[in-house]
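A.B. asks: Here you go, one structure.
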Amino acid sequence: MYRRHFIRSTLLAAAAGVLTPAALAGEAPTIMVVGDSLSAEYGIARGTGWVALLEKKLAAEKIVAKAVNASISGDTTAGGRARLPALLKTHQPAVVVIELGSNDALRGLSLDMTESNLSAMTQAAQKAGAKVLLAGMQMPPNYGADYGKRFLELYPKVAKANNAALVPFFLEGVADRPNALELFQPDRIHPTAAAHPIILGNLWPELQKLLKK
């Protein structure tokens, strides 16, 4: 039964032009998310975060692909960079979503190091045969205008230098809305479950493009 379903889904995906080489080889390609608490379902029920919603979206769109959530709450770009080689070897992803950097900024870490880590992760994923999507972030104004500007510019800079896809602001429509606090948990840092469909909506157009290439 599963095999018949897989073959049917594969043919549908081929007709839609959304197959990667892994799928053509008989394996569903993997979208691997390497992020922090914003992707690790911190403070919300399991299965309600944007990565879980992505799995449902792929099924609804009849796209033969699967999502792997390799996110860890509190992770930094240095942590993601250290974990990435093993993750690439284990999951052999077709697409890697990098959602890291917020904890670097919250801890006041060197932005040059953050940029270096994001670049290294992007290049490592690409060398392993994966397409990369960078999820850009912004810092609140209380971190200072100069720091905030430099942090914001990191993501498009890394994306352009490495020919990677980019979502300029991961929390667009969540953190920048007039009544933003209603979509955040009491800590004012982590989005509620109600915000995660919006987050997926920010990422989906770019993910679709990568799956079609």
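A.B. asks: Once both labels are modelled 7 Å past Cα along the beta-carbon direction, what's the ASN179-ALA45 spacing in nm?
C.D. replies: 2.3 nm
A.B. asks: Calculated from DSSP H runs of 4 or more alone, at -39500 (n - 2.57) each and per residue, what is the 222 nm mean residue ellipticity of the chain, nearest 500?
C.D. replies: -15000 deg cm²/dmol
A.B. asks: Could you size up the charge dipole of the range 107-213 around its Cα centre, putting +1 on the beta carbon of Lys and Arg and -1 on that of Asp and Glu, and report it in debye to the nearest 20?
C.D. replies: 460 debye
A.B. asks: Could I ask something else about it? Taking H placed 1.01 Å from N in the peptide plane, check which residues at least 5 places from LEU166 or on another chain put their amide H under 5 Å from its amide H.
C.D. replies: So LEU166 has HN proximity to LEU134.
A.B. asks: Averaged per residue, what accessible area in Å² does the chain show with a 1.4 Å probe, protein chains only?
C.D. replies: 49 Å²
A.B. asks: Where is the GNM fluctuation largest for the chain (alpha-carbon springs, 10 angstrom cutoff): ALA40, ALA128, ALA175?
C.D. replies: ALA128
A.B. asks: Shifting gears a bit: Across the range 106-123, in residue order, what do the Karplus-derived ³J(HN,Hα) couplings come to in whole Hz, using 6.51 cos²θ - 1.76 cosθ + 1.60 with θ = phi - 60° and x for Gly and Pro?
C.D. replies: 4, 8, x, 6, 4, 5, 5, 5, 4, 4, 4, 5, 5, 5, 5, 5, 4, 5
A.B. asks: Stretched out fully, how many nm does the piece from LEU111 to GLN126 gain, at 0.36 nm a residue minus the Cα gap?
C.D. replies: 3.2 nm
A.B. asks: While we're here: What's the magnitude of the charge dipole for the chain around its Cα centre, counting Lys and Arg as +1 and Asp and Glu as -1 at the beta-carbon? Answer in Debye, nearest 20.
C.D. replies: Magnitude of the dipole: close to 940 debye.
A.B. asks: Against the 2.2 N^0.38 Å scaling, with N counting residues, where does the range 37-132 land? I'd like the Cα-based Rg ratio to two decimal places.
C.D. replies: Normalised Cα radius of gyration, the range 37-132: 1.13.
A.B. asks: Cα to Cα, under 21 Å, and not fewer than 8 places away if on the same chain: which lysines meet these conditions relative to LYS57?
C.D. replies: LYS66, LYS131, LYS209, LYS212, LYS213
A.B. asks: What share of the DSSP beta bridges in the range 70-213 is antiparallel, in percent to the nearest 5?
C.D. replies: Counting DSSP beta bridges with both partners in the range 70-213, the antiparallel share is about 10 percent.
A.B. asks: Let me ask something else about it. Could you identify which residue out of GLY43, GLY108, GLY201 has the top mean-square fluctuation in a GNM of the chain using Cα springs shorter than 10 Å?
C.D. replies: The residue that fluctuates most here is GLY108.
A.B. asks: Quick check: Cα centre of the range 35-62 to Cα centre of the range 172-193, how many Å?
C.D. replies: The distance from the Cα centre of the range 35-62 to that of the range 172-193 comes to 17 Å.
A.B. asks: Also, I was wondering about something else. Leaving ligands, DNA and RNA out of it, work out the accessible area of MET113 with a 1.4 Å probe and give it in Å² to the nearest 10.
C.D. replies: We get 120 Å² for MET113.
A.B. asks: Which residues' amide hydrogens lie under 5 Å from the amide hydrogen of VAL97, considering only partners 5 or more residues apart or on another chain, with H built in the peptide plane?
C.D. replies: Under 5 Å from the amide H of VAL97: MET32, VAL33, VAL34, LEU133.
A.B. asks: Starting from the Cα of ASN163, step 7 Å along the direction of its Cβ; do the same at ASP146; then give the gap between the two resulting points in nm.
C.D. replies: Modelled inter-label distance: 3.6 nm.
A.B. asks: Can you list the aspartates and glutamates whose alpha carbon sits under 14 Å from that of LYS160, skipping same-chain ones fewer than 8 residues off?
C.D. replies: In chain and number order, the partners are GLU115.
A.B. asks: Moving to a separate point now. Report the convex hull volume per residue for the chain, counting only C-alpha atoms, in Å³.
C.D. replies: Spread over its residues, the Cα hull of the chain gives 117 Å³ apiece.
The values are calculated or read from the model by the stated rules, or taken from the named source; none is laboratory data. Source: prediction; values computed, not measured. Cβ: placed from backbone, ideal geometry, glycine included. Neighbour counts: every protein chain shown. Only protein heavy atoms, including side chains, enter the accessible area calculation; ligands, DNA and RNA are left aside. Shrake-Rupley method; radii C 1.70, N 1.55, O 1.52, S 1.80 Å.
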